[in-house]
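What follows is a short report on a single structure.
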Amino acid sequence: MTIEQVDVLVIGAGPAGTVAASIIHQAGYKVKVVEKQQFPRFVIGESLLPRSMDALQEAGFIEAIKEKGFQQKYGAKFVKGDATCDFTFEEQFTPGWTWTWQVTRADFDKTLADTVEKMGVPVAYETTVTDIRFNGSDSVTTVTDKNGQQSQIAARFIVDGSGYGRVIPRLFNLEKNSSLQPRKALFAHTVDERRSMADEPNRITAVVHQKGVWIWIIPFSTGVTSVGFVGDPEFFAAYPGSDEEKYRALLEAEPYTRERFRDVPLVFEPRILESWSATTDKFYGDGFVLTGNVTEFLDPIFSSGVTLACVSAQTAAKLVIRKLKNEAVDWEKEYMEPTMQGVNTFRSYVMAWYEGTLDTIFFKKDADPVIKGQICSVLAGYVWDLDNPFVKNHDTALKRLARTIELTEKLKSSSEIE
């Protein structure tokens, strides 16, 4: 069996893998990427956040992405009945990027992978990792290509950016259940023939359909719009028929989507994704680091997936470079803790969304612009800014604010009655 020698093996050619591969390659190390699927391939996670732009820029990807003409994104809008809460990233508390993109991930991910290949990093598609043997931090990985041919890759370090594949957690029994309850999504890409009757396409819209059930609406620059319903599996069981019949019935059941998406052509048959939340015991070990969705994937709301993938890969790549230089790296303090800071902040917002806490905050009339800017920073992905009280105190600040709003409204109602 042939053995290829590299400095770093990267598993997965999605955003986490390609960002890490590019940064490590730019530092002068020999990197190889292996990817189980053939690109382009479909995946959700179509709305980026501004914080991801720092990582994409350091990886050298920005210009290649611009050339693709993806829809630029300047904010996020939330809708519940007649109430609307519109966030524009220019209003965010944290200095940084104030825009990003909404992308078809098949094209976006292929752009990143093609760009890293042009830099000189080989990407082996349709190549599956079947075994990894560690000897200290050195490793030998056995892979199988699409023809069933096996080969081995010897590496000084492994970056696992395999996303939902979760290669190292599954091989070494590191997986554990997420604290979030299982949810289901039914979604499709629609030919958005009546987009002009709705709002501007330069933001994602999240519609509260009922408590615990919401709709994403993500317009692309091509005239296609991604529309998906997310909720408890039991919610979807109430709708009979095929997946398309369920999907069209759901579009009809929601006033916000009814007219715009009635009888629209679908780019593909509606698809289902469920029980996506997962995590692992640790994000690093002797000779490897986990990045992106391999660490923990939370939920589609707030579009955290690609941002956590890019930022964790950016951080991990710099630490791997130091490790290869034989410098001391405190993986717990320098990687695990900051990664969990981001994950836990987003988790608090995900839980507050499904509990209805954010309904109270988002749809309050005459919102405090300072507080709105601080929350906007979280929605832009700046979940590491501890100067922001809604990041530093993410687990308590939202509930405290919601209680204050509810008490104020109650007192106002009482005074009006008197």
In whole Å, what three semi-axes, largest first, describe the equivalent ellipsoid of the range 347-417 built from its Cα gyration tensor (square root of 5 times each eigenvalue)?
24, 13, 10
Which value in nm describes the separation of the simple spin-label points at E193 and F134, placed 7 Å from the Cα toward the beta carbon?
5.6 nm
State to the nearest 20 debye the size of the charge dipole of the chain about its Cα centre, where the only charges are +1 on K and R beta carbons and -1 on D and E beta carbons.
320 debye
Net charge, E4 excluded, C-beta distance under 10 Å - Lys, Arg +1, Asp, Glu -1:
+2
Kindly express, to the nearest 10 degrees and within the range 0 to 90, the angle between helix 337-355's C-alpha long axis and the longest C-alpha principal axis of the chain.
30 degrees
Can you find, among P169, T100, Y256, the residue sitting farthest towards the positive end of the charge dipole of the chain, where Lys and Arg contribute +1 and Asp and Glu -1 at Cβ?
P169
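If r is the Cβ-Cβ distance from R262 to Q38 and R0 is 41 Å, what FRET efficiency results, to the nearest 0.05?
Using R0 = 41 Å, I get an efficiency of 0.70.
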Cα-based Rg and Dmax for the range 29-98, where Dmax is the largest Cα-Cα distance (Å):
16.5, 56
Students often forget the sequence filter, so: which aspartates and glutamates lie under 15 Å Cα-Cα from K110 once same-chain residues fewer than 8 apart are removed?
E35, E46, E63, E67, E126
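Could you give the length gained on full extension between K118 and R322, defined as 0.36 nm per residue of separation minus the Cα-Cα distance, in nm?
Gain in length upon complete extension: 71.0 nm.
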Total charge dipole magnitude, the range 134-183, about the Cα centre, Cβ charges on Lys, Arg, Asp, Glu only, Debye to nearest 20:
220 debye
What is the Å³ per residue value for the convex hull set by the Cα atoms of the range 42-142?
191 Å³
Ranked highest first by the average count of other Cβ atoms within 10 Å around their residues, in what order do 156-165, 78-87, 110-119 fall?
156-165, 110-119, 78-87
For an R0 of 22 angstrom, estimate the FRET efficiency from the Cβ-Cβ distance between D86 and D368 and round to the nearest 0.05.
0.90
For the chain, build the convex hull from the C-alpha positions and give me its volume per residue in Å³.
148 Å³
Mean Cβ neighbour count within 10 Å, used as a protection proxy, ranking 245-254, 214-223, 173-182, 61-70 highest first
214-223, 245-254, 61-70, 173-182
The chain: relative contact order as a whole-number percent, Cα under 8 Å and 6+ apart
21 percent
Potential lengthening between Q210 and Q181 on full extension [0.36 nm per residue; Cα-Cα distance subtracted]
8.7 nm
Please report Rg (one decimal) and Dmax (integer) in Å for the Cα set of the range 1-54.
13.5, 45
Using every pair of alpha-carbon atoms in the range 184-274, split the distances into 10 Å bins beginning at 0 and state the percent of pairs per bin, rounded to integers.
17, 57, 25, 2
Surpassing 20 Å at the alpha-carbon level, of the pairs K80/K211; K184/K246; K392/K412; K32/K318; K333/K399; K30/K325, are K392/K412; K333/K399
Solvent exposure of the chain as accessible area per residue, Å², 1.4 Å probe
43 Å²
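The values are calculated or read from the model by the stated rules, or taken from the named source; none is laboratory data. Please read these numbers as outputs of a predicted model, since none were measured by experiment. Note that each Cβ is placed from the backbone with ideal geometry, even for glycine, and that neighbours are counted across all protein chains shown. Areas reflect the complete protein model, heavy atoms only, side chains present, ligands, DNA and RNA absent. Shrake-Rupley method; radii C 1.70, N 1.55, O 1.52, S 1.80 Å.
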